[in-house]
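Have a look at the structure below, then the notes.
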Amino acid sequence: MSISESAAPVTEGPPSQTKGSPLQLGAGTATRRRPALSPSRAGDFKQCPLLYRFRAVDRLPEAPSRAQVKGTVVHAALETLFGLPAAERVPERAVDLVHPSWERMLAETPELIDLVPAEERQGFLDEARSLVTAYYGLEDPTRFEAESCELRVETELADGVLLRGFVDRIDVAPTGEVRVVDYKTGRAPREMSESKALFQMKFYALVLLRTRGIVPAQLRLLYLASGIVLTYAPDEDELLRFERTLSAIWKAILTAGATGDFRPKPSRLCDWCDHKALCPSFGGTPPPYPGWPEGPAEETPAFEEIVE
């Protein structure tokens, strides 16, 4: 493995459930479906088991942030860009895709308009355009074709762990090597956060191993705001060890799910938690535990999974 700067039946889901899909302001509780394990859900449980419960079991609504909405606009614009002929994927055309992407989001989720007041809208869209422009400092999209964009992939491991990820782009070289690319609209992680980025890259590599039977030659995280590329070259033995790590996380989740014993894990991240008022560590009371969901696997991603 190197990182640098510059089973059961498997499926690859339809592109309709993507990072460019309508944003969810609330997960809802009408149908309680079996949770899947995604990079964000695994990260939630490691960060705070009670946060995992609120998001994956209780499915409490969370309002997206302005930064998340902006990230989704950028993802949607880049997805549309790769639907154009290669010669047309020039910076000027890409920038022109930002406003239509925003308008489509508003048509699908009108309440997002409240996040960006009219007097701030031009600045918001200019920020998104700047991120799209910055993309061209990292890649030249006129020089290659993407095999797929905004693809949902999932697989169920032999021990029943349902993995699901949302991959921004998959490229396949003429010689057959597979490259997975993920866009990040936030700043590149500092050393303390790099392990989270590496966790996500390993997750995608494992899903590709199980869905296609191949180890991706390269995974790239493009940090548009920083102009930094993190590159990860996985190997199969490492991915098999990582698979065991995911199974252990899922076993711990199921143990907590059987009893409802999802304990809070206070940290500095609590200041940004939407559910702080319900947390016992801060004098709150969680809602009654509804029991572990046993229905069919959930189909709709939570918002933070869309823009992760």
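The values are calculated or read from the model by the stated rules, or taken from the named source; none is laboratory data. Computed from a predicted model, the values in this text were never measured in an experiment. FYI the Cβ positions are ideal-geometry reconstructions off the backbone, even for glycines, and counts take in every protein chain you see.
Inside the stretch 146-186, can you point out the residues that are over 22 Å from residue 248 (Cα atoms) and of a type in the set (Lys, Arg)?
152, 169, 179, 184
For residues in the stretch 47-62 being outside any helix (DSSP H, G or I) and in contact with a helix residue (DSSP H, G or I) (Cβ under 8 Å, 6 or more places away or on another chain), which is surrounded by the most Cβ atoms within 10 Å (Cβ to Cβ)?
Within the stretch 47-62, the first condition is being outside any helix (DSSP H, G or I), and the residues that meet it are 48, 58-62.
Of the ones still in play, those that are also in contact with a helix residue (DSSP H, G or I) (Cβ under 8 Å, 6 or more places away or on another chain) are 48, 60, 62.
Numbers: 48: 23, 60: 17, 62: 19.
Selected residue: 48.
Name, by its number, the condition in (1) assigned to a helix (DSSP H, G or I); (2) of a type in the set (S, T, N, Q); (3) under 30 Å from residue 147 (Cβ atoms) that does not hold for residue 281.
(3)
In this structure, is residue 251 surrounded by 15 or more Cβ atoms within 10 Å (Cβ to Cβ), assigned to a helix (DSSP H, G or I) and of a type in the set (D, E, K, R)? Reasoning before the result, please.
Values: surrounded by 15 or more Cβ atoms within 10 Å (Cβ to Cβ): no; assigned to a helix (DSSP H, G or I): yes; of a type in the set (D, E, K, R): yes.
No; evaluated as a whole, the condition is false for this residue.
With closer than 24 Å to residue 226 by Cα and modelled with pLDDT of 95 or more as the only criterion, which of 186, 71 stands out? If you could, list the steps in order and put the result at the bottom.
Numbers: 186 fails: modelled with pLDDT of 95 or more.
Every option except 71 fails the conditions.
Take the conditions at pLDDT 95 or above, touching a helix residue (DSSP H, G or I) at 6+ places or on another chain (Cβ under 8 Å) and under 30 Å from residue 215 (Cα atoms) and apply them to residue 11. Does it pass?
Values: at pLDDT 95 or above: no; touching a helix residue (DSSP H, G or I) at 6+ places or on another chain (Cβ under 8 Å): yes; under 30 Å from residue 215 (Cα atoms): yes.
Answer is no for this residue.
Within the bounds of the stretch 176-183, is there any residue that is in contact with a His (Cβ under 8 Å, 6 or more places away or on another chain) and outside any helix (DSSP H, G or I)?
Narrowing the stretch 176-183 to residues in contact with a His (Cβ under 8 Å, 6 or more places away or on another chain): 183.
This time we only want the ones that are outside any helix (DSSP H, G or I), so: 183.
Checked the stretch 176-183: at least one residue is in contact with a His (Cβ under 8 Å, 6 or more places away or on another chain) and outside any helix (DSSP H, G or I).
Please pick out the residue among 169, 210, 121 that is more than 24 Å from residue 101 (Cα to Cα) and among the basic types (Lys, Arg).
Values: 169 fails: more than 24 Å from residue 101 (Cα to Cα); 121 fails: more than 24 Å from residue 101 (Cα to Cα).
Every option except 210 fails the conditions.
Taking the conditions exactly as written (crowded, with 21+ Cβ neighbours inside 10 Å, under 16 Å from residue 150 (Cα atoms) and not assigned by TED's automatic domain parsing to the domain that holds residue 203), does residue 72 satisfy them or not? Can you show your working first?
Details: crowded, with 21+ Cβ neighbours inside 10 Å: yes; under 16 Å from residue 150 (Cα atoms): yes; not assigned by TED's automatic domain parsing to the domain that holds residue 203: yes.
Judged against the criteria, residue 72 is a match.
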